[in-house]
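**Student:** Next up is a structure, given as structure tokens.
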Amino acid sequence: MSKHYLAIEGVNKTFGTGNKATCVLKDVNLNIEKGEYISIIGHSGCGKSTVLNIVAGLLSASKGGVILDGKEVNSPGPDRSVVFQNHSLLPWLTVYENVALAVNKTFKKTKTAKQRHDWILRSLEMVHMSHALDKRPAEISGGMKQRVGIARALAMEPKVLLLDEPFGALDALTRAHLQDEVMKIQAEINSTIIMITHDVDEAVLLSDRIVMMTNGPEATIGEILTIDLPKPRNRIELADDPKYNRYRREVLRFLYEKQRKIEPLSSAKKSDSINAQSNSKAVNA
Amino acid sequence: MTASTQPNLRKLTPVVQPSVIVKIGKTMKPWGDSFIKNVLPALIVGAIFLLIWEWMTSSASATLPAPSKVISDTWELIVNPFYNHGGTDVGMGWQILASLERVAYGYTLAVIAGISLGVLVGQSTWAMRGLDPIFQILRTVPPLAWLPISLAAFQDSNPSAIFVIFITAIWPIIINTSVGIRNIPEDYRNVSRVLSLNGYEYFVKIMLPAAAPYIFTGLRIGIGLSWLAIVAAEMLIGGVGIGFFIWDAWNASMISDIVLALIYVGVVGFLLDRFIGFISTLVTRGTSAQ
């Protein structure tokens, strides 16, 4: 048994079989402590979402496994709630009903109807959506939908909250607003969070540690950067903070120098191979 | 108290009345607009159609009755929709109700069986591979072609007619339901897996609402087809029903009766379609808004 709260141990993931098999993840190891905010960053297609889905239990690892609070994860469950990129609210339910579906299912036996009702309202209050209880998802903005998605996930009182590019589809201002809100909520309830992101600023601002992934196939964890900035963090103050900028630079360097994404263009490939040939000739000569 | 309310009332009365008038005027105006935009064109075209019909059938050698003659011939039928002289000699209201009853039985069975089979085919790839080819072949069989075989099976005309309705309406319901279920976004499945919904909860809370717009498309096509089929089927099986009424009128050379019956068939078919459409908008309010 692992002594860490959440342990991802030797996870490999292969999609397909035989000749078509592609190894997406290779030997991913990560230990996360209770109350930590972890960001996973990497170029698209590097298997970030696969890692998250394996932790969520939506995908199973080909090799290795995930242990949460002393128990192995092998199926999805309310102790690992997910906030999906495109909110995934059910459009035929109101805001209240969307959260109620999660709360009533998760706490059917442990809470009374009254307690559940209060808890739904409390969760929506936490993301400042109390004014739109009876609205349907189509009637509210993208940022509001994502707030409700976060409320639904939080309302299940998960051991670990999984955020799959939660702010990716939002405009920059709304995104900043929601990031602040997530920071506030995390400070309040000290939840353990794993967040997938493309956004360097978002990762540095929110995380305790940033997990940087190498490019796929056979992606794995390249580096882990610990963000030693005091919380609560303020995006305006941090803009001039040398430490913050150093962290930012380190992540950028990883993404754009060490793991520069090579676009798989056929012409680029050809010229690369020609260069390689001429190089090898030169070496031989 | 009274002293304070008295002046208020006096102040209010003259103000309230003009505003009420303005309000009525405002609500009346769009009504007039929509009448001009939506109803008037239909009235004008209908009137022109009737005039052309009247003009083309006005000569003595015309084989079909003019609209004026249709009305004078069938006036008794129009004003007495619910007379009952026994046998098949009953009012148009009874004839249509008899047909509607058959449609109600056949269609209800088709809805139950169609949605169940559609869910099965939509959910299970194996069931789809096995059943889909059969469905694709059987659905092209014309409704009336089923009548002889159902007469042979049931040995009775009424269940046979109901079976023809059933078998006509079921295909679009099956196919649309299964497409609806196949098109449920992966996200909704993931949500239900994260929430650990069980099979029944998934069916009621996610699958049915998510597939509802598709299911209702199938239901709407199904009701239209079953109304098409019943008229044809009743012509062959006899008994009380609008289809046999038309056939009977043809045998008795009462062409005006046929014209009247066709109008009734058209209006009832239209109302059935709108009825299912109305239920659909009630049920799928949220879903289709996405």
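**Student:** Answer with yes or no whether B:VAL39 is open to solvent by 70 Å² or more (accessible area, probe 1.4 Å) and either at pLDDT 85 or above or farther than 21 Å from B:ILE255 by Cα (or both). Give the steps one after another, and end with the answer.
**Tutor:** Numbers: open to solvent by 70 Å² or more (accessible area, probe 1.4 Å): no; either at pLDDT 85 or above or farther than 21 Å from B:ILE255 by Cα (or both): yes.
Against the criterion (open to solvent by 70 Å² or more (accessible area, probe 1.4 Å) and either at pLDDT 85 or above or farther than 21 Å from B:ILE255 by Cα (or both)), B:VAL39 does not qualify.
**Student:** Could you give me the residue pairs with C-beta distances under 6 Å whose first residue belongs to region B:85-114 and is closer than 15 Å to B:VAL267 by Cβ, whose second residue is hydroxyl-bearing (Ser, Thr, Tyr) and open to solvent by less than 40 Å² (accessible area, probe 1.4 Å) wherever it lies, and which are 6+ apart or on separate chains?
**Tutor:** The qualifying pairs are B:VAL103/B:SER226.
**Student:** Another question about this same structure. Only one of these conditions is not met by B:GLY86: (1) out of contact with any helix residue (DSSP H, G or I) (no Cβ under 8 Å at 6 or more places or on another chain); (2) at negative phi. Which number is it?
**Tutor:** Every condition holds for B:GLY86 apart from (2).
**Student:** I've got another one for you. What are the pairs, 6+ residues apart or on separate chains, where a residue within region B:193-214 that is farther than 27 Å from A:ILE54 by Cα and free of Cβ contacts under 8 Å to residues at least 60 places away in the same chain has its Cβ under 6 Å from a residue that is in a helix (DSSP H, G or I) and hydrophobic (A, V, I, L, M, F, W, C)?
**Tutor:** So the pair list comes out as B:TYR214/B:VAL179.
**Student:** Moving on to the next point. Within region B:199-290, which helices (runs of 4 or more DSSP H) (wholly inside it) include 3 or more residues that are crowded, with 16+ Cβ neighbours inside 10 Å and not polar (S, T, N, Q)?
**Tutor:** So the answer is B:208-237, B:242-251, B:255-283.
**Student:** I've got another one for you. Could you say whether any residue in region A:12-23 is out of contact with any Asp or Glu (no Cβ under 9 Å at 6 or more places or on another chain), within 14 Å of chain B (Cβ to nearest Cβ) and touching a residue at least 40 places away in the same chain (Cβ under 8 Å)?
**Tutor:** Within region A:12-23, none of the residues are out of contact with any Asp or Glu (no Cβ under 9 Å at 6 or more places or on another chain), within 14 Å of chain B (Cβ to nearest Cβ) and touching a residue at least 40 places away in the same chain (Cβ under 8 Å).
**Student:** While we're here: Working carefully through the options A:LYS145, A:LYS111, find the one that is more than 29 Å from B:THR281 (Cβ to Cβ) and free of Cβ contacts under 8 Å to residues at least 60 places away in the same chain.
**Tutor:** A:LYS111
**Student:** Consider B:ARG129 against the criteria (1) out of contact with any helix residue (DSSP H, G or I) (no Cβ under 9 Å at 6 or more places or on another chain); (2) within 14 Å of another protein chain (Cβ to nearest Cβ); (3) of a type in the set (Lys, Arg): it satisfies all of them except one. Which criterion is unmet?
**Tutor:** (2) is the only condition that B:ARG129 fails.
**Student:** Only one residue in B:PRO213, B:PRO209 is within 14 Å of chain A (Cβ to nearest Cβ) and over 26 Å from B:THR140 (Cβ atoms). Which one?
**Tutor:** Exactly one residue qualifies, and that residue is B:PRO209.
**Student:** Quick one: in region A:123-142, of everything that is free of Cβ contacts under 8 Å to residues at least 12 places away in the same chain and of a type outside the set (Gly, Ala, Ser), which residue is farthest from B:ARG285 (Cα to Cα)?
**Tutor:** So the residue we want is A:GLU125.
**Student:** Next question, about the same structure. Any residue at all in region A:28-47 that's within 18 Å of B:SER192 (Cβ to Cβ), open to solvent by 30 Å² or more (accessible area, probe 1.4 Å) and free of Cβ contacts under 8 Å to residues at least 60 places away in the same chain?
**Tutor:** For region A:28-47, residues within 18 Å of B:SER192 (Cβ to Cβ), open to solvent by 30 Å² or more (accessible area, probe 1.4 Å) and free of Cβ contacts under 8 Å to residues at least 60 places away in the same chain: absent.
**Student:** Consider A:GLN85 against the criteria (1) farther than 29 Å from A:SER141 by Cβ; (2) touching a strand residue (DSSP E or B) at 6+ places or on another chain (Cβ under 6 Å): it satisfies all of them except one. Which criterion is unmet?
**Tutor:** (1)
**Student:** So, B:TYR188, is that one within 25 Å of B:PHE216 (Cα to Cα), open to solvent by 50 Å² or more (accessible area, probe 1.4 Å), within 14 Å of another protein chain (Cβ to nearest Cβ) and of a type in the set (Phe, Trp, Tyr) or not?
**Tutor:** The answer is no for B:TYR188.
**Student:** Can I ask one more? Name, by its number, the condition in (1) away from chain B (no Cβ under 14 Å); (2) over 18 Å from the mean Cα position of the chain (by Cα); (3) farther than 14 Å from A:ALA219 by Cα that does not hold for A:ASN74.
**Tutor:** So A:ASN74 meets the others, but not (1).
**Student:** Quick check on region A:93-121: of everything there that is within 19 Å of A:ARG147 (Cβ to Cβ) and of a type in the set (Phe, Trp, Tyr), which residue is nearest to the other protein chains (Cβ to nearest Cβ)?
**Tutor:** Per the stated criteria, the residue is A:TYR96.
**Student:** Next question. Failed condition for B:VAL231, given (1) within 14 Å of chain A (Cβ to nearest Cβ); (2) within 18 Å of B:PRO142 (Cα to Cα), with all others met?
**Tutor:** (1)
**Student:** Taking into account only those residues within region A:83-92 that are open to solvent by less than 10 Å² (accessible area, probe 1.4 Å) and at the interface with chain B (Cβ under 7 Å from one of its Cβ atoms), which is farthest from A:ILE150 (Cα to Cα)?
**Tutor:** Only one residue fits best here, namely A:PRO91.
The values are calculated or read from the model by the stated rules, or taken from the named source; none is laboratory data. Since this is a predicted model, take the numbers as computed values, not measurements. So basically every Cβ, Gly included, is an ideal-geometry build from the backbone, and we count neighbours across all protein chains shown. Protein only, heavy atoms only, side chains kept; ligands, DNA and RNA dropped before computing areas. Shrake-Rupley method; radii C 1.70, N 1.55, O 1.52, S 1.80 Å.
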